[in-house]
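One structure is given below, encoded as structure tokens.
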Amino acid sequence: MRYLLISLLFLFSLGSQAQESHTQKLMTQGKEFLRKENCEDAEKTFKKIFTSKETLPDELCFYYGVALVKLKKYTKARDFLEKYLSLTNSKGEFVKETKGLLAEIDKNVCGICKGNDYFWVDDSCDVCIAKGYTLGNCHACHGKDKVVCPDCRGAKVLVTNNSLGSWYNDCPRCENGLVTCMRCKGSKQEQYNCTKCHGKGTVKIKKVCTHQH
């Protein structure tokens, strides 16, 4: 049993060393691609390392950031370079170079899209035609322009009760028990906030940045 346990530990150790050497091999390959200015292959190679379950070297974020800067993928490059500074508490071997690359990103990144390759602009809402509202059937009269008379409640007459009895008079306010809708004033419609722009009249749309400014 003791020999079996020792054997298993030995095999596990070999596996870990193999994994570690594979990661180091990829790091070496990636650096060589960078040296030869083959940045696309460098990016792909460094990217493979991130799938490893082993503890990754801090410098991976730096080298990956370098490749991304050379490929002008500034937003992503900034994320990894700042990650490198964070991991090393700004005391790593490549801190100076990293800060230089971040400055380069600030100088080259598009002021409009901030390196995202797209930006948002306001555009007129096509549902309400920039009005901020749409017209729909009146909620009170349901588009009929008339509602039941609130005085006679549709009875057409008013009843007055006194000591002499009940007296019936025609309702002076309505016609056939109906009056013009007070909500829409007979227009049959009312305004509703546009459901697309939420009453603003404009909506945000995404546009591809041409970086020409």
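Among the residues of region 47-75, those identified as within 14 Å of residue 105 (Cα to Cα) and not in a helix (DSSP H, G or I) are 71, 72, 73.
Looking only at residues that are over 12 Å from residue 42 (Cβ atoms) and aliphatic (A, V, I, L, M) in region 62-89, which one is nearest to the chain's Cα centre (by Cα)? Once the filter is applied, the top-ranked residue is 77.
Within region 37-46, being part of a helix (DSSP H, G or I) and out of contact with any Lys or Arg (no Cβ under 7 Å at 6 or more places or on another chain) holds for 40, 41, 42, 43, 44, 45, 46.
Residue by residue, here is whether (1) touching a Leu at 6+ places or on another chain (Cβ under 7 Å); (2) at pLDDT below 80 holds:
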site: 13; (1), (2): no, yes
site: 21; (1), (2): no, yes
site: 26; (1), (2): no, no
site: 29; (1), (2): no, no
site: 48; (1), (2): yes, no
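If you go through region 26-72 and pick out every residue that is basic (Lys, Arg) and under 17 Å from residue 92 (Cβ atoms), you end up with 1.
Of the strands (runs of 3 or more DSSP E) that lie entirely inside region 105-196, those containing 3 or more residues that are of a type in the set (Val, Ile, Thr) and more than 24 Å from the chain's Cα centre (by Cα) span 157-162. Taking region 80-102, which residues are surrounded by 14 or more Cβ atoms within 10 Å (Cβ to Cβ) and not in a loop (DSSP other than H, G, I, E, B)? Within region 80-102, 80, 81, 82, 83, 84, 85, 87, 95, 97, 98, 101, 102 qualify.
The values are calculated or read from the model by the stated rules, or taken from the named source; none is laboratory data. Since the structure is predicted, the reported quantities are computational estimates derived from the model, not experimental observations. Here Cβ is always computed from backbone atoms with ideal geometry, including for glycine, and neighbour counts include all displayed protein chains.
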